[in-house]
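Single-structure report; data block below.
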Amino acid sequence: MIRHIIRGIVLTAIPVFVFGQIGLTPRGWTAAVFFLLVGAAAFYDIDTKQIPDGLTAAVAAAGAFAFCLFPETAWWDRLLGTVCVSVLMLAVTLCREDAFGGGDIKLAAACGLFLGAARSLMAFGLATAAGSIYGLVRIAAGRANRRMRIALGPFLGVGVFVAFWYF
């Protein structure tokens, strides 16, 4: 019950914040939809430790739609943002099995299409730092061990939000 209330508050606050910053413009609507989809992916990941491909495709569609509405990020930078973090995550996963899930890798690629390369790398850095701190705190509290799986989606969502608005 509490989880659903928190989820509702967060997903309601996202468009309020976006519209307050950008306004009720096509840019504002596109950013609001993008962040709502990323938020939905984050909450789905918390519940199931998976991110559905359809939700990731919707995030990518919002990123592709942003090509014409956010011209300050060049098309080549958006394509580079799609590749840089997702390829890094895939390489780490190939070296260490289960380092990142496939949904996390695809969500990072879809978010890179909206953010561009520099913000995508910043979002990934923030997400992995926050996820690491979360895991270390749980281990120190005796509530988890080193083999526990952490849903990266929520941390990636926060990283994407912070990287877009503050960098």
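The values are calculated or read from the model by the stated rules, or taken from the named source; none is laboratory data. Computed from a predicted model, the values in this text were never measured in an experiment. With ideal geometry, Cβ positions are generated from the backbone for all residues, glycine too; neighbour counts draw on all protein chains shown. The accessibility values were calculated without ligands, DNA or RNA, using every heavy atom of the protein model including side chains. Shrake-Rupley method; radii C 1.70, N 1.55, O 1.52, S 1.80 Å.
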Diffing the range 97-112: the Karplus 3J(HN,Hα) column from phi (6.51, -1.76, 1.60, θ = phi - 60°), in whole Hz with x for Gly and Pro, holds 4, 6, 5, 9, x, x, x, 5, 5, 5, 5, 4, 5, 5, 5, x
Carbon and sulfur atoms account, in whole percent of the 1.4 Å probe accessible area of the range 1-152, for 68
Out of LEU90, LEU136, LEU152, a Gaussian network model of the chain with alpha-carbon springs under 10 Å gives the largest mean-square fluctuation to LEU136
Low-density loop trypsin sites (Lys or Arg not before Pro), the range 55-116, at most 15 other Cβ within 10 Å, DSSP non-H/G/I/E/B, are ARG96
Taking Cα atoms, the helix 75-95 axis meets the longest principal axis of the chain at an angle in degrees (rounded to 10) of 10
Reduced to Cα centres, the span from the range 35-89 to the range 2-33 in Å works out to 16
So for R0 = 41 Å, FRET eff. of LEU88-ILE5 from the Cβ-Cβ r, to 0.05, ends up at 0.70
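Over the range 52-108, what is the relative contact order in percent, taking alpha-carbon pairs closer than 8 angstrom and at least six residues apart?
Details: 24 pairs, mean separation 22.3, N = 57.
After rounding, I find 39 percent.
Restricting to DSSP H runs of at least four residues, report the calculated mean residue ellipticity at 222 nm for the chain, -39500 (n - 2.57) per run over all residues, nearest 500 deg cm²/dmol.
Numbers: 7 runs with 134 residues, N = 167.
Rounded to the nearest 500, the figure is -27500 deg cm²/dmol.
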Extension length gain for ILE139 and ARG96 (0.36 nm per residue less Cα distance), in nm, is 13.4 nm
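Using a probe radius of 1.4 Å on heavy atoms only, what accessible surface per residue do you get for the chain? Whole Å² is fine.
Numbers: 9140 Å² over 167 residues.
I get 55 Å² per residue for the chain.
Using packing as a proxy for protection, rank 117-124, 58-65 so that the peptide with the highest average count of other Cβ atoms within 10 Å comes first. List each step's numbers first, then the result.
Working: 117-124: 22.4, 58-65: 20.0.
Highest-to-lowest ranking by the protection proxy: 117-124, 58-65.
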